[in-house]
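The structure appears right after this line, and notes come after that.
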Amino acid sequence: MEVVTDAASLDVELLQLPDVSTLFLKSNLTFVETLFDQWLSVPDSNRLVTSLLNDAKSGVPLNVPGNCSSPNASSNSLPSMFPAGTAPPLSPRSSSGSPRILKQRVGPSNLGSSLKVVSEPVKELIPQFYFQDGRPPPNELKEQCMLRIDHLFPDQSHGLQIHEFKSVTKEICKLPSFLSTSLYRKIENGAGIVTRKAFIDYWINGNLLTKDIGTQIYTILKQPQLNYLTQDDFKPILRELLATHPGLEFLQSTPEFQERYAETVIHRIFYYINRSGTGRLTLRELKRGNIIDAMQHADEEEDINKVLRYFSYEHFYVIYCKFWELDTDHDFLIDKENLIRYGNHALTYRIVDRIFSQVPRKFTSKVEGKMGYEDFVYFILAEEDKSSEPSLEYWFKCVDLDGNGVLTRNELQFFYEEQLHRMECMAQEPVLFEDILCQIIDMVKSENESYITLRDLKGGKLSGSVFNILFNLNKFMAFETRDPFLIRQERENPTLTEWDRFAHREYIRLSMEEDVEDVSNGSAEVWDESLEAPF
């Protein structure tokens, strides 16, 4: 057979042929591609292919006969490429194993099955895993909550007043009771009342029901336009705590001390939890801290002094009295000369200068060279609990003179020089800096002996004593002559921090001084009466 190699001279009638052998097609690929293009250009072929594609897309079963000798071939058959009777014979194995024969056995259409599978792929149902407003509550949890709501909201039309809402906060929301007012104000939004529908919309439909307690408190306290908490956001819950907690009832006759107590608690919260020091408490910081546990403890414990974290009145009393002792003119500001008297002149002038240079923390006081009450709270917490990470960060910044993030030999020696001079003035046996440096390196166990990093200090148990050696003479001498009785006490109560022990000792001392003062005043009155009696 003579093969036509020019597709352009190919007669259209030649396309009406039965079939082609596989060997012939493989040996003439270029010619086959040209011939296939010519076949597609035939109007009938073009219409047929277009029709088949449309049927495949719409999912309609296809009915394409396998050969042009079918009775229906005149309209639907594919044009053949060889004249009748000139097609090469099929391979002997075609009758039993040819894919083309097998496809014809499947059904009336050898193309319908494969095209239909392509047009209808198997769709795997992926459950929703992201919810913009949080995952909706499970039906069982929602039903349990609705039962409690129906019990506490018997009158669906009138709703609850603010004094009736505390049970909702405790029983449904499982939150500390002193968050009741804040939650109420958040829901009523100026309406003056919280209806059943309004509560459901906020707590259930707003998906607060399924969120953790940290996120719930954060959402309730923060301002809508902000993504952080400020100190002002905590004031409403402190006001309600002061008004309702049985351990703080005695302060209701002295509103000025109520305000000071609330300020002190808030300052302590931000000192320990707001590690970035920005005054903006993030949700991450709130969750990582222990304020949530402290709130729940304060709500359950009637003796507020047993809530050592943040809320203890005795701790506030110690902080406030210490500040009042230093503030001689009682203008609520402290200068360098005032602070140098702290702890019976325990601190060196050099470290006080660094504090007032505002290196560890910018003062909130608006008066130049003066430290305000909030600044003093940060100072005393850092000074009396050098085992805590906020304290280590505070004093590390003070000693790091060049701010390069490491403490070198020269920086340590700069602060110790004044300590050495003070020991000599007090007729104490001086300890040379070389010996102190070896002791500090042994205490810290720094990765590099030529300098100390903040990471080194946070990894050591005696790191706080390093700063006492450098600038607090009283604590340095106490460390050198440690009392075994105090060491045993620390081991017996490992949960108490250095601040807890200091505040306990100071409160006893201050209360004893006040008792002595009261007794002396009472004795004076009795003495005066006895003098006047004979006359």
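The values are calculated or read from the model by the stated rules, or taken from the named source; none is laboratory data. What you are looking at is a predicted structure, and each value in this text was computed from that prediction instead of being measured. Ideal geometry is used to build each Cβ from the backbone, glycine not excepted, and the neighbour counts take in all protein chains shown. Surface accessibility is based on the protein's heavy atoms, side chains included, excluding ligands, DNA and RNA. Shrake-Rupley method; radii C 1.70, N 1.55, O 1.52, S 1.80 Å.
For the pair LEU29 and LEU53, what calculated FRET efficiency results from E = 1/(1 + (r/R0)^6), where r is the Cβ-Cβ distance and R0 = 25 Å, to the nearest 0.05? Result of the calculation: an efficiency of 0.50. Placing +1 on the Cβ of every Lys and Arg and -1 on the Cβ of every Asp and Glu, with no other charges, gives segment 296-453 a dipole of roughly 400 debye about its Cα centre.
The label-point distance for LEU226 and ARG185, in a model that sets each label 7 Å from Cα toward Cβ, rounds to 1.3 nm.
Just in segment 213-278: which chymotrypsin sites (Phe, Trp or Tyr not before Pro) are loop by DSSP and have at most 13 other Cβ atoms within 10 Å? Don't jump to the answer; show the numbers that get you there.
On the way: sites: TYR218, TYR228, PHE234, PHE250, PHE257, TYR261, PHE270, TYR271, TYR272; in loops: TYR228.
Nothing satisfies the criteria.
Think of a 1.4 Å ball rolled over the protein heavy atoms: segment 308-373 then has 45 Å² of accessible area per residue.
If packing is taken as the average count of other Cβ atoms within 10 Å, what order do 284-294, 33-43 fall into, highest mean first?
Working: 284-294: 17.0, 33-43: 13.5.
Going from most to least packed, we get 284-294, 33-43.
Taken one residue at a time, the phi angles of segment 446-453 give Karplus couplings (6.51, -1.76, 1.60, θ = phi - 60°) of 5, 5, 10, 6, 7, 7, 10, 9 Hz. Gly and Pro are set to x.
For segment 256-295, give the percent of accessible area contributed by carbon and sulfur heavy atoms, probe 1.4 Å, rounded to a whole number. Here carbon and sulfur together make up 45 percent of the probe-accessible area.
Based on the Cβ-Cβ distance of ALA243 and GLU513, what FRET efficiency does E = 1/(1 + (r/R0)^6) give at R0 = 35 Å, to the nearest 0.05? It would help to have the intermediate numbers written out before the result.
Working: r = 30 Å, r/R0 = 0.87.
Calculated transfer efficiency: 0.70.
How would segment 361-476 be classified by its alpha-carbon gyration tensor: rounded, prolate or oblate, with rounded meaning a/c under 1.5 and the a/b versus b/c comparison settling the rest?
oblate
Hey, which of these cross-link pairs are over 32 Å Cα-Cα: LYS166/LYS386; LYS170/LYS287; LYS235/LYS366?
Values: LYS166/LYS386 40 Å; LYS170/LYS287 20 Å; LYS235/LYS366 22 Å.
Checking Cα-Cα distances, LYS166/LYS386 exceed 32 Å.
Across the options TRP203, GLN223, PHE234, the greatest Cα extent toward the positive end of the charge dipole of segment 191-249 (unit charges at beta carbon of Lys, Arg, Asp, Glu) belongs to TRP203. Protection proxy ranking for 197-204, 380-387, 53-60, 424-431, using the average of other Cβ atoms within 10 Å per residue and placing the highest first: 380-387, 197-204, 53-60, 424-431.
Keeping the other protein chains in place, figure out the carbon and sulfur percent of the accessible area of segment 366-479, with a 1.4 Å probe. If you can, show how the numbers build up before the last one.
Values: 2710 of 5240 Å².
After summing per-atom areas, the C and S share lands at 52 percent.
A 1.4 Å probe run over segment 374-491, with the rest of the protein chains in place, finds 50 Å² accessible per residue. For segment 390-400, backbone phi angles converted through the Karplus equation (6.51, -1.76, 1.60; θ = phi - 60°) give residue-by-residue couplings of x, 5, 4, 5, 4, 6, 4, 5, 5, 7, 6 Hz, Gly and Pro being listed as x. Each peptide among 306-312, 441-447 gets the average number of other Cβ atoms lying within 10 Å of its residues, and from highest to lowest they stand as 306-312, 441-447. Mind listing the long-range amide H neighbours of LEU229? Cut-off is under 5 Å, sequence gap 5 or more, other chains count too, H placed in the peptide plane at 1.01 Å from N. Correct list: LEU281, THR282. Anisotropy class assigned to segment 398-456 is oblate, per the alpha carbon gyration tensor with a/c at or over the 1.5 cut-off and a/b no larger than b/c.
Counting only protein heavy atoms and a 1.4 Å probe, tell me what percentage of segment 124-201's accessible area is made up of carbon and sulfur. Carbon with sulfur: 53 percent of the solvent-accessible area. Counting only protein heavy atoms and a 1.4 Å probe, segment 163-282 has 43 square angstrom of accessible area per residue.
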